[in-house]
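Below: the structure, in C-alpha cells.
Values in this text are rule-based calculations from the coordinates and carry no lab data. Please read all numbers here as calculations on a predicted model, not as lab measurements. Cβ coordinates were reconstructed from backbone atoms using ideal geometry, including for glycine residues, and neighbour counts include every protein chain displayed.
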Amino acid sequence: MSDTAGTRCGDAQNKFTREMEAEVRSLNAAQCRAQIEQLACRLDAAWTRSVHLASALATLRHPIDDG
C-alpha cells in the first residue's frame with residue numbers, strides 16, 4: 001500500500017472513530033436524560049406519598065373534633 005493510500009485509510013479510520021464516539025456520546029446523553037426523567041418521576045411520587053403519610057399521621061395525632 002502506498003503512503004498516500006495508507007494516509008487516506010488512516011484518515012478514514014480516524015473519521016469513522018470520531019463519528020462513532022460522537023454517536024456513543026449522544027446515546028449516553030439521551031440515556032442519562034431518560035434516567036433522570038425516570039428518577040424525577042419516582043422522586044415526585046415518593047414526595048407525594050410522604051406528604052400524604054405526614055397528613056394522615058397528623059390527623060391520627062390530632063383527630064378533628066366534629067362536635
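Tell me which residues, restricted to the stretch 25-58, are β-branched (V, I, T) and over 15 Å from the mean Cα position of the chain (by Cα). T48, V51 - these are the residues of the stretch 25-58 that are β-branched (V, I, T) and over 15 Å from the mean Cα position of the chain (by Cα).
Table: residues versus (1) in contact (Cβ under 8 Å) with a residue 12 or more places away in the chain; (2) surrounded by 10 or more Cβ atoms within 10 Å (Cβ to Cβ); (3) of a type in the set (S, T, N, Q); (4) not in a helix (DSSP H, G or I).
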site	(1), (2), (3), (4)
G6	no, yes, no, no
R25	no, yes, no, no
A30	no, yes, no, no
Q38	no, yes, yes, no
L43	no, yes, no, no
T48	no, yes, yes, no
V51	no, yes, no, no
L60	no, no, no, no
